[in-house]
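Since the structure comes first, as structure tokens, the remarks are kept for the end.
Since every read-out is calculated from the coordinates, none of them should be taken as a lab result. Nothing here was measured: the structure is a model prediction, and the numbers come from that model. Neighbour counts are summed over all protein chains in view; Cβ atoms, including those assigned to glycine, are modelled from backbone coordinates with ideal geometry.
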Amino acid sequence: GAVVSQHPSWVICKSGTSVKIECRSLDFQATTMFWYRQFPKQSLMLMATSNEGSKATYEQGVEKDKFLINHASLTLSTLTVTSAHPEDSSFYICSVLGEGEQYFGPGTRLTVT
Amino acid sequence: GNSVTQMEGPVTLSEEAFLTINCTYTATGYPSLFWYVQYPGEGLQLLLKATKADDKGSNKGFEATYRKETTSFHLEKGSVQVSDSAVYFCALRAGSSYKLIFGSGTRLLVRP
């Protein structure tokens, strides 16, 4: 299966600033990646589907202007949380679609103060 | 809509005990069902899956059977080890989409 990394693993930012999270497919060319959000003791909620070279498809209720997704290459997708607020604090997880299955990154914990 | 419900944790067992983690689902049509495991500090890994009714997925001593009549996909292992301590997620994938819908996760702690 694909090996997926995320950077950073943990980030703290101040309210009102923007933060970028990277998701890299290390050994697989990923046409499609997914971004999830996980609240404590809750399930992963799909935020958006990221397709290389085209606009991301956002799930209902996810603000596309707040959570900017860019999938500029077959190995990198980025999620930028713009004008972050404390309620955006969460665990963000990406996955890569490969051979019909999803392979997950280790996640990024975002804390907004 | 489609959803997955799994038992709340944490589940605490002694080594070599029998494990069951319950998972039920609601879906239109015939979804594929999955169990993922998340070890501390790592990403989710696919543990096993089943794509149609009565299929049994198995891996690393874990098993789950796709029960359409009870809309369930319970995870079982006959003898757990300390190294099985992790968070387990039940998930479904409906139709032709690759989107996954997850349960809330169940933390398993196995004590020596």
Of the residues A:Cys94, A:Cys23, A:Cys13, which exhibits the maximal mean-square fluctuation in a Gaussian network model of chain A defined by a 10 Å Cα contact cut-off? A:Cys13
Cut-off under 5 Å, modelled amide H: who pairs with B:Tyr98 long-range: none
Determine which lysines satisfy two conditions relative to B:Lys68: a Cα distance under 18 Å, and not lying fewer than 8 residues away in the same chain. B:Lys49, B:Lys52, B:Lys56
Take A:Phe91, A:Phe39, A:Phe104 and order them by how many other Cβ atoms sit within 10 Å, fewest up front. A:Phe39, A:Phe91, A:Phe104
Here FRET efficiency (C-beta to C-beta, A:Arg109 to B:Glu8, R₀ 30 Å, nearest 0.05) is 0.85
For the pair B:Lys52/A:Thr31, report the inter-label distance in nm, with labels modelled 7 Å from Cα in the Cβ direction. 2.6 nm
Within 10 Å of each Cβ of B:101-108, how many other protein chain Cβ atoms are there on average? 3
For chain A, modelled as a GNM with alpha-carbon contacts under 10 angstrom, which of A:Ser89, A:Ser15, A:Ser54 fluctuates the most? A:Ser54
Please identify every one of the GluC sites (Glu not before Pro) in segment A:67-113 that sits in a loop by DSSP and has no more than 15 other beta carbons within 10 Å of its own beta carbon. A:Glu99
Once R0 is set to 41 Å, what does the formula 1/(1 + (r/R0)^6) return for the Cβ-Cβ distance between B:Leu109 and A:Lys66, expressed as a FRET efficiency to the nearest 0.05? 0.65
Under 27 Å Cα-Cα from A:Lys14, which lysines qualify once same-chain neighbours fewer than 8 residues away are excluded? A:Lys41, A:Lys64, A:Lys66
Need one number: % antiparallel among DSSP beta bridges in chain B, to the nearest 5. 90 percent
GNM flexibility winner over chain B from B:Phe89, B:Phe62, B:Phe34 (Cα, springs under 10 Å): B:Phe62
Which residues does a label at B:Arg67 reach in segment B:4-24, if reach means a backbone N under 11 Å from a point 7 Å past the Cα toward the Cβ? B:22-24
For the protein assembly as shown, Cys with no neighbouring Cys Cβ under 4.7 Å: A:Cys13
How large is the convex hull of the C-alpha atoms of the protein assembly as shown per residue, in Å³? 121 Å³
Between A:Ser73 and A:Lys55, the two model label points (7 Å from Cα along the beta-carbon direction) sit apart by a distance in nm of 2.5 nm
For segment B:37-112, shape from the Cα gyration tensor axes a ≥ b ≥ c, cut at a/c of 1.5 then a/b versus b/c, turns out oblate
